[in-house]
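Working notes, structure below.
Nothing in this text is a laboratory measurement; each read-out follows from the coordinates by a stated rule. Everything numeric here is computed off the predicted structure, so don't read it as measured data. Because the Cβ atoms are built from the backbone with ideal geometry, glycine has one as well, and the counts that use them run over all protein chains shown.
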Amino acid sequence: MTANRVLDHDWTLDRTFHSSSGEVRWASFGAPEAPPLAFVHGTPFSSYVWRAVARALAPHHRVHVWDLPGYGASEMRAGQDVSLGRQTRVFTELLDHWGLERPAVVAHDFGGCIALRAHLLHGARYARLALVDPVALAPWGSPTYRLIGANAEVFAQLPAPLHAALVREYLGSGSHRGLHPAVHERLLAPWCTPEGQAAFYRQIALNDQRFTDEIQGRYGELELPVLVCWGAEDTWIPVAKAHELAAAIPGAELRLFDGAGHLVQEDSPAELATELARFLG
């Protein structure tokens, strides 16, 4: 995988969907007649983290990518509901808008919770589901995440340079190998506007463990092929959770990626794309 593909400076979401939580930016590529594949990103990221993997899988899939409301290029505004409950509804709205009845879904971090909730609570049907270091099992939330969530209004008042420094360090901690400087800046940029700074703390304040508590006891009901992928060096969600989750899902496959942290897409993009290609067939 080339350096240009890993950076992908031209990653642009050129379409708009007006969801129940505001304007969502999205894009699709790949052959229109190919099997559909939808990606879901987590926090505090955007669809940009999927660029290399999505491009690698596009020759054999019709790929759909999007930025969650309150993230990346999508709408950020005061009073916006960006909770995991609302994001789940937006995902089901998008699947309907795209006309996808049984897509394959690849979901990371909070995206994993969103995909699972959409399937278990809202009846979204998938051909296959790949979960990459997902938020799915209690307890979750790093000490930093919980501290910010408990004091979101205070953190939101930080001077812009201090806010940027905090988010920069937080983003970087998701990678075991270290983010490329250009990638780091691309992921940081949406959070460094006045709207972005407020949105960063809003999304943390609105999420809590009840969104996984509502579905955790139902993973045994999953009756579709599931692949659980995990960075062996993930410091955000310990790799022990990978084994616990795979054991809770009937027939689930488990793949660990040595040398990768929470952001497997950044630390091992080629390896992850290869494993997903095998799973997706």
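One quarter of the convex hull surface built on the alpha carbon atoms of the range 187-236 amounts to 5.8 nm², the projected area averaged over directions.
Note on the range 134-187: Kirkwood radius taken over Cα pairs, Stokes-Einstein applied at 20 °C and 1.002 mPa s, translational D equal to 167 µm² s⁻¹. Note that the range 156-231 shows a convex hull volume over its alpha carbon atoms of 139 Å³ per residue.
Dividing the helix sum by the residues of the chain, where each DSSP H run of 4 or more adds -39500 (n - 2.57), gives a mean residue ellipticity at 222 nm of -12000 deg cm²/dmol. Per the Cα gyration tensor, the range 199-281 maps to an equivalent ellipsoid with semi-axes of 23, 20, 12 Å, ordered largest to smallest.
One quarter of the convex hull surface built on the alpha carbon atoms of the chain amounts to 12.9 nm², the projected area averaged over directions.
Both the radius of gyration and Dmax for the range 31-182 are 16.4, 50 Å, in that order, over alpha-carbon atoms.
With neighbour counts taken as other beta-carbon atoms within 10 Å, the residues Val53, Val105, Val239, Val154 rank, fewest first, as Val154, Val239, Val53, Val105.
DSSP bridge analysis restricted to the chain gives an antiparallel fraction near 30%, rounded to the nearest 5. Based on the convex hull around the alpha carbon atoms, the range 65-125 presents an average projected area of 4.2 nm².
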